[in-house]
Amino acid sequence: MTAHKPQYDQLTGLLSRAAFEDRFKAVINAAKEMDTCISLAFLDIDEFMRINENYGHSAGDMVLQTVATTIQEIVGANALTVRYGGDEFAILFPDTEREQAFLAMERIRIAIEGQQSFGDGEDAIAEQITISGGIASYPIDGNTESEVLRKADQAMYRAKLIGRNNIRLAYEERMSPKTSHYTLTQLERLSKLAKKEGVGEAVLLRESLDDLLIKYEVTRIES
């Protein structure tokens, strides 16, 4: 018997990651059929570990709940809001160009930055919280779920690298000539796989490189 996947995150009440992955597939398929665009945003809380270390996990939970509430208040019912994992959130904007998604993300960033405390009464903590985020859109940034997810995640990663507390859009990636790095046999097999999966060879190569970087924890960065 297949285990039941929780639809909502218990702490924040947002859509769970497992439920989001199912819905994302449906939304992007609908966008392809109707020839419309969608945008995906990732965001996480800057230096969230410091909150847990300085104030305890209950304070960290309060921050997560406040951020979740702020996101929902700003994006409303027209977007799918997800607790993607830990202090990372995702927002799926159907029928929305990335410039529109960027404006919504900026409103979220400014609203969170403007809060001087989190929680109520004796449990409140006086701490300014900031977020970093990244946005990618179908079809301008990618034609598959995995490519849009990866581009949004990488845009968020760049937001962290340049100093946090900002939102970044995905950008066009430039590939170095693959013929200088792979054997002819590998390239032939890559071509067959790309045709079988109905995606570009560059997409498969980028996915495999991302998997390698994750394996050796090269992509890890302090939140």
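Nothing in this text is a laboratory measurement; each read-out follows from the coordinates by a stated rule. Just so we're clear, the structure is a prediction, and the values are computed from it rather than from any experiment.
The table that follows gives values for the structure above.
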{"quantity": "Computed helical MRE - 222 nm, the chain, DSSP H runs ≥ 4 contributing -39500 (n - 2.57), nearest 500", "calculated": "-16000 deg cm²/dmol"}
{"quantity": "Pairwise centroid distance, computed over Cα atoms, of segment 75-105 with segment 58-72, Å", "calculated": "16 Å"}
{"quantity": "Ellipsoid semi-axes in whole angstrom, largest first, where each is sqrt(5λ) of the Cα gyration tensor of the chain", "calculated": "33, 20, 17"}
{"quantity": "Acute angle (nearest 10 degrees) that the helix 145-161 long axis makes with the longest principal axis of the chain, alpha-carbon atoms", "calculated": "50 degrees"}
{"quantity": "The chain: angle of helix 17-34 to the longest principal axis, Cα-based, in degrees nearest 10", "calculated": "50 degrees"}
{"quantity": "Among 88, 21, 97: highest mean-square fluctuation, GNM of the chain, C-alpha pairs under 10 Å", "calculated": "21"}
{"quantity": "Helix axis angle, 57-75 relative to the chain longest principal axis, alpha carbon, degrees", "calculated": "70 degrees"}
